[in-house]
1. Answer yes or no as to whether Pro152 is open to solvent by less than 60 Å² (accessible area, probe 1.4 Å), at pLDDT 75 or above and part of a loop (DSSP other than H, G, I, E, B).
2. Have a look at Pro776, Pro730 and point out the one that is open to solvent by 30 Å² or more (accessible area, probe 1.4 Å), touching a strand residue (DSSP E or B) at 6+ places or on another chain (Cβ under 6 Å) and closer than 26 Å to Ala172 by Cβ.
3. Taking Gln386 as the residue in question, decide whether it is open to solvent by less than 10 Å² (accessible area, probe 1.4 Å) and over 20 Å from Val137 (Cα atoms).
4. Quick check: anything in region 689-704 farther than 26 Å from Gln515 by Cβ and either open to solvent by less than 20 Å² (accessible area, probe 1.4 Å) or at pLDDT 75 or above (or both)?
5. Might you let me know whether region 57-68 holds any residue that is of a type outside the set (Phe, Trp, Tyr) and under 44 Å from the mean Cα position of the chain (by Cα)?
6. Would you say Thr505 is crowded, with 17+ Cβ neighbours inside 10 Å, out of contact with any helix residue (DSSP H, G or I) (no Cβ under 9 Å at 6 or more places or on another chain) and either of a type in the set (Ser, Thr, Tyr) or without any contact (Cβ under 8 Å) to a residue 40 or more places away in the chain (or both)?
7. How do the strands (runs of 3 or more DSSP E) wholly within region 568-668 filter down when requiring 3 or more residues that are in contact (Cβ under 8 Å) with a residue 40 or more places away in the chain and within 31 Å of the chain's Cα centre (by Cα): which remain?
8. Just to be sure I understand the filter: pairs with C-beta atoms under 8 Å, separated by 6 or more residues or on different chains, first member in region 405-423 and under 22 Å from Pro305 (Cβ atoms), second member among the aromatic types (Phe, Trp, Tyr) and assigned to a loop (DSSP other than H, G, I, E, B). Which pairs pass?
Amino acid sequence: MYGSTGVSPERLEETVFVHTECICDYRGTAHAVCDAAGRCLCRQGVEGERCDRCPPGRHSFPDCRACACDGAGVADGACGASGECDCFPSHTGPECDRCAPGYYGPPDCAVCQCSPDGSHGSICNPLSGQCLCLPGVVGQQCDRCASGLRFPQCSVRATRQELRSLIPDRPAPSHYFPSLHQLKFEVEDGTTPNARPVRFGYDPQEFPDFSWRGYAVMSPAQSEVRVTVHVDRKDGRPHSFRVVLRFTNPSGAGVTGSIEATDNRGNAGEGFAEPFELTPGTWVIHIRAEGVLLEEITQPCTYVPTANKDSNCLLYAHLAMGGFSSVLGSQGTLSSRRRRRKRRQARVRRPTPDHPEMAALDGRQVEGLDGEQRIGLSGPELLNSQLQLSLRVPRPGAYALVLEYASEVDAVQNVNVVIGDQSGGQIPARANIYSCAFSFLCRSVAVDSGNAVTVVQLAHRTDILLQTSTTELLLYKVYAVPAEEFSFDYLEPKVLCVSTHGRFTEDSRHCVLSQWDEPASAWVLHAARDGRLSPGPAVPPKQGEGEDWRRRRQSGAFPVRRPQSDGVLLKSPQTEISFTPEVPLPGSYVVVVHYQQPEHTSFPVEVRVDAGREWKGSVNASFCPAVSGCREVVIADGRVALDFDPSSWQPPSISFLVPPKKTLILDYILLVPESSYTPDLLKEKPLDKSAHFVEQCRGEGFYIDPRSAPQSCRDSARSLVAAYNDGALPCHCDPSGSTGTTCQPVGGRCPCRPHVIGRQCTKCATGYFGFPHCRPCECGRRLCDEVTGRCLCPPQTVKPACDACQGQTFSYHPSLGCEGCGCSPKGVEVNAGLDCDLVTGHCKPRVGGRRCDRCAAGYYRFPDCVPCSCNRGGVTADICHPDTGRCLCKGNWRHAVTNRPVSREELMLVLAGLVGLRIRALYFTQSQRLSLGEVGLEGVTSTGTGGPGNTVEDCSCPPQYTGDSCEVGKGRGLFAYVRGSGSVFV
């Protein structure tokens, strides 16, 4: 049909319309719905081909109301179909105007910074950002100890809970910790070199407690087996393993063998001279090379011995306060608050002989009163006692009071502190007393009701009362610190070293030195070797230099021993040292400083770097008593990565200037390329206990008996498998073959039905059928089908009994049958036939091998088998190569990369230029004892006066060669080796 309104005839063919049905959504169209061409006519605020949706910025079709998405957390001005706004992850709510869980501080909504070690989770108060702290932890982020200890070791209880959560003693229900033999591959499931199944036995009398179907029988009939294993990638990287073979040798005579691992690309590893990594994929045999056992030490040392005497801990030390006025707790007098005139000298106690004498305060009784004196005292009198101390200061002024104490109560306690002021009044304060049974004393500062440090005006002599109700503590000293000198550094101890529990000491004799990472790309500049002091010569720290801070140590009860440092002591007048690398270093570098600072609170050290442009910065020298030192980075212009100008031809210069009256022991600095720097360089390495683990726990192929093995071995094994598997593994006991769902906590063995085998109870034992109700086969010597029980007649056996081998076969097996003899006609005696003996067969003289297909030892070139020309005293048991006759000399030299044996020709070429010989002693970095035995080296001269050199060869050289081993060609300087036959190998 044509449209006719307002159209001229000459334009008709260009304006033809075809009427179609309107498909518009009437809820979103205007009154006319659609035009003549069928296009929908949308009303205002609606869009779409059918007028069926709201435009961007509107929602809730057909009303299409404007989106109210203008909040700070809106990611896009548009909204969803129901009007919900598209919020950033940090915001929530219909209009994105509230902080989402894990964020705080609207309208910006920053992420909560809750410490995972000190808080109950990552959720904080949505307005203030205050995290929910664990007991004994304070701070908005729950990242500080209320006791002043090093976070997160805020108390012995918290630390033990942390350790239990990290490495629990027992797995969760229906889970288990594997043994170190977790990656176990059964040899009876392997194949022989000709791809046939392994011939295995299953007699428990012959091999007690075999683990699966049986065990491979290694004999002349089966001298080689292959096991295919698959290595998975863990933590995104390949791992190294040590191979462990479980076997029994009924003969009692020694047996030798070899092990080779080949991957699917043909790469092979042989022997155990060097551990090598198995990349993910399929290998012929699973190799276990030595792994590293690292322990992250977090627990403070206690003076109480632990069950595991070898367990390590962190020994701490405080900044010395001997230069401040103080009073000993043992010099105080104790009384009841209601009977103040009845005073007694405070009772003193020393938890160990190494502790100083301390006043023993126990609010549950009035110390110093005997039983008769306590008769008639009421409960309140018994529960309220006070210790009076008299503190003298050199000059009146503002002071903060610091208590030094020990406490064996595993809880936070309070002690009230009442200070007499200059006007005769009293100032109330309190001090928090935290659990402190450590190898060092703890400190706490007196605070007011708002937890702010109490600053009091003290006269020359001030009385201090410590009032207790139920508090128990051992008070050593109360210090008065001038307000302008007070720092929380005096309260927070720093790590001295890694040590062991069971003593009260700061003696470094019991320390384990820590290790630090040094990137291979970093320049190391040692202060004693590369530094230049100005003015005057370098001053290495002497054993007596530290007498000042030794006198100002925390207890004064015993001397402090610290190891000799290789660093340079910077103190007046020698307060500046500079370094200049030998060559220019273009690029961006981070300057890491390794130092010791055992005498002061934190102070800045001025640093100047001249590297094409001049950088002025500083490094924070915080209190650092650690015997292994501390590390900090240089910060200049608010950045740690400093640009060394590549256009500068001069080497860079780095100088350090220590403030007056401060001391610093500078060991070395690292210039680390920015691409190689990580904050982990500022942390000590975890303690490497692999050497101790290998030495203590390697017996019986690293089998760790969960009942009788040493506790340290059990703990280490549990931590190894838990780390490797990211926790415990589920039991997954087969519901048909097992009698329960709970497996053994170590090893994971499920409780199996009778005659069912496997960790998960998934198969009938060899000689049984009908899983899961396994019944014995009724086939005599033969085995039966494991499903039906039908007796098997193995190949190449004599029917119908099927229990003996056919002619020219041998080695009967109840499931695999017999092997063909395969005797070589050239190697058997005439008229002997091709039947074979189980061991030797019937071979000609000088011929050997089960099949009589090779020469016996000492002969070569089969089938002639002529004698080898070798010195029997210098060759291996095989004497010579069976094809070439080359003598197989004794020796254990191997190529470092391929581990292939070194030939004598190759060895002689190396010895031609020998200047020294080094024998590798260890495959790890630490050892307490090392011995070398059965190594000898003889040297001879023509004029010697000693015994004959029986192990030194005397070569007869052809005219054109000379040298002790005929290794030098005359006139040409060639290196060669001349064998007895006259052949020359260059």
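1. Criteria met by Pro152.
2. Selected residue: Pro730, the only one of Pro776, Pro730 that is open to solvent by 30 Å² or more (accessible area, probe 1.4 Å), touching a strand residue (DSSP E or B) at 6+ places or on another chain (Cβ under 6 Å) and closer than 26 Å to Ala172 by Cβ.
3. Considered against the rule, which asks whether it is open to solvent by less than 10 Å² (accessible area, probe 1.4 Å) and over 20 Å from Val137 (Cα atoms), Gln386 comes out as yes.
4. Yes: one or more hits.
5. no
6. Yes; evaluated as a whole, the condition is true for this residue.
7. 587-596, 630-633
8. Ser407/Tyr434
The values are calculated or read from the model by the stated rules, or taken from the named source; none is laboratory data. Bear in mind the structure is a predicted one, so any value in this text is a computation, not a measurement. Counting neighbours? That spans all protein chains shown, and the Cβs are built from the backbone with ideal geometry, glycine included. Ligands, DNA and RNA are excluded from the accessible area calculation, which covers all protein heavy atoms including side chains. Shrake-Rupley method; radii C 1.70, N 1.55, O 1.52, S 1.80 Å.
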